[in-house]
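The values are calculated or read from the model by the stated rules, or taken from the named source; none is laboratory data. Note that the structure is a prediction, hence the values are computed from the model and not measured. Note: ideal-geometry Cβ built from the backbone for every residue, glycine included; neighbour counts use all protein chains shown. The protein model used for the area step is the full one, side chains on, heavy atoms only, and it has no ligands, DNA or RNA in it. Shrake-Rupley method; radii C 1.70, N 1.55, O 1.52, S 1.80 Å.
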Amino acid sequence: MLDDMIDHIATVRERPVWQPIPNAARERFRQQLPRQGSDLADVYRDFSDFVVPYATGNVHPAFMGWVHGGGSAVGMLAEMLAAGLNANLGGRDHMPIEVERQIVAWTRQMFGFPTEASGIFVTGTSMANLMAVLVARTSALGRPSRRRGVGEAGGLLTAYTSKAAHGCISKAMDIAGLGSDALRCIATDDNHRLDVKALRRQIARDRALGLDPFLVVASAGTVDIGAIDDLEAIAALCREEKLWFHVDGAFGALAILSHELAPRLAGIERADSIALDFHKWGQVPYDAGFLLVREGERHRDAFAAPAAYLRRETRGLAAGSHWPCDYGPDLSRGFRALKTWFTLKTFGTDRLGAVIARCCALASHLESRILAEPRLELLAPVGLNIVCFRYRAEDADRVNGEIVVNLQESGIAAPSTTVLDGKLAIRAAIVNHRTDVCDIERLVSAVLEFGARRSMAARGESGRMAQPLAV
Ligand SMILES: Cc1ncc(COP(=O)(O)O)c(C=O)c1O
């Protein structure tokens, strides 16, 4: 199994990025509960035949949809080792927890956070953002609010982010019981960065109405185009207004590892909390989300909950408090830290930073190809690793939507789409260390060819370009 999977990763470029799932494969996973066991080899054959060929495809260098990390074989091996140990990282005194604490210390160091800062692995940034909202909420309302509920005071809390922020922030406000209406989505400038003056005005308006501003969520890498808010200015405003300053750095925060990109994140070191994913630009396999909080005590205030059966001791297996369960909602937790530790140790943060910078260089290359090609139109500035563009056509939204589906179904490349200023964009997010110039070239050629075919079909022409595109 291990050999097969290493071969699978090594030869990934020879296969389609993604392919539609045939009904026969889906049917294999609609069977009755297996009361009797099967031979492991047969179970593995089902996996090889029906799961492996129809996976998402984000290991492939031409996968550029959403913000999917590519992982690495190093992380895969660490996952196998972690599964062998089967450690539960909710708490207690054992070495896997020390590995997680090592990552917390390294993450602190990356962002210049103080030693009292706390951190915890979670599924992903959606969860880390939710937890940050909960920490900020408890910090604003006080610990007793955890018993009493958010009450009337909670009804007055208002939070701020930009219109370009990820939808999970609004969802977090909803889940936190504050309501998504209490999140003000502030206008952005032409570069999709939060308009700090508009933020200041909105806070003043809300205060004048008797509301209680408590939190600003800045983006370090917006999901649509990778814009980084002015973190210095937002940090200063938060300090002045006494607001919790959280940074959603799902993928962009790890640009701190690149010497050339790190200055763009100036101000992140002043955040009260940062959410990020090691499974995106950190090249760690899914899932490895992370929350870093400047003041560990405030972090614990939001989540620590004593229970007789979780009694802490100074010796024995129940020693070593504080435990990870004091920093989040989970009690049972897997050993996500191990694949992150293996990845950071094996490659080193300089090399990971170089991978991140190279993804941005590839995005710039794609940008220049688009600018030089009259049939293509760039739809947003390229500040980091995300390129939004489209094929010029009448009925461009429909045409570009079809181009993306055709690209995915052809197996040549897998970008996704988004909508910018009402226009549907082909969106290529370059996150994977395996992506190369040839993948960018093939993406451009395939967009042009699918676009030309679509235009010819619209004109009722056919023929010359009808041969299938090679995978
Ligand atoms: C800016 C931003 N925030 C939050 C998220 C959600 O992260 P996750 O998918 O790890 O929950 C993403 C995902 O791409 C993102 O780009």
Whole-percent carbon and sulfur share, accessible surface of the chain, 1.4 Å: 52 percent
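Given contacts defined as C-alpha pairs under 8 Å and at least six residues apart, what's the relative contact order of the chain, whole-number percent? Mind showing how you got there, number by number?
On the way: 864 pairs, mean separation 103.2, N = 471.
It comes to 22 percent, rounded to a whole number.
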Angstrom value of the Kirkwood radius, inverse mean 1/r, which spans all Cα pairs in segment 11-74: 13.8 Å
Dipole moment magnitude, nearest 20 debye, the chain about Cα centre, only Lys, Arg, Asp, Glu C-beta charged: 780 debye
Positive-end residue of THR115, GLY142, GLY91, charge dipole of segment 78-183 with Cβ unit charges: GLY142
Size of charge dipole - segment 176-228 - debye, nearest 20, with Cβ of Lys, Arg +1 and Asp, Glu -1, no other charges: 240 debye
Value of Rg/Rh across segment 108-204 [Cα atoms, Kirkwood radius]: 1.00
Sites ARG143 and ALA372 - FRET efficiency at Förster radius 60 Å, r taken between beta-carbons, to 0.05: 0.55
Space enclosed by the convex hull of the alpha-carbon atoms of segment 77-148, per residue, Å³: 146 Å³
Equivalent ellipsoid, segment 296-339 (semi-axes from 5 times Cα gyration tensor eigenvalues, Å): 17, 16, 10
Two-site FRET efficiency, ARG201 against GLN102, from Cβ-Cβ distance with R₀ of 41 Å, rounded to 0.05: 0.40
Computed [θ] at 222 nm, helices only, for the chain once each DSSP H run of length n ≥ 4 contributes -39500 (n - 2.57): -12500 deg cm²/dmol
Selection from ILE370, ASN385, ALA182, by position along the positive dipole direction of the chain (Cβ): ALA182
Label-point separation in nm, ASP350 to ALA319, each point 7 Å along Cα→Cβ: 3.8 nm
R0 of 60 Å, Cβ-Cβ distance ILE9-LEU209: FRET efficiency to nearest 0.05: 0.60
Lysine-lysine proximity count for the chain, Cα under 26 Å, sequence distance 8 or more or distinct chains: 12
Mean Cβ neighbour count within 10 Å, used as a protection proxy, ranking 204-210, 167-173, 6-12, 337-343 highest first: 337-343, 167-173, 6-12, 204-210
Dipole moment magnitude, nearest 20 debye, segment 145-287 about Cα centre, only Lys, Arg, Asp, Glu C-beta charged: 460 debye
Segment 206-355: relative contact order in percent, alpha carbon pairs under 8 Å with at least 6 residues between: 19 percent
9 Å beta-carbon shell around ALA128, net charge (K/R +1, D/E -1): -2
Computed label-point distance, nm, for sites ASP42 and GLU116 using a 7 Å Cα→Cβ extension: 6.1 nm
Sorted peptide list for 65-73, 297-305, criterion being average Cβ within 10 angstrom, highest first: 65-73, 297-305
Part-to-part distance (alpha-carbon centres) for segment 155-179 and segment 291-368, which is given in Å: 23 Å
Which of LEU448, GLY75, ILE169, positive extreme of dipole for the chain (C-beta unit charges): ILE169
Segment 215-282: radius of gyration over Cα atoms, expressed as a fraction of 2.2 N^0.38 Å: 1.03
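Which whole-number value in Å³ per residue fits the convex hull of the alpha carbons of the chain?
Considering the Cα atoms of the chain, their hull volume per residue is 178 Å³.
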Radius of gyration and maximum dimension Dmax of segment 346-409, Cα, Å: 15.0, 50
Probe 1.4 Å, protein heavy atoms only - accessible area per residue of the chain in square angstrom: 46 Å²
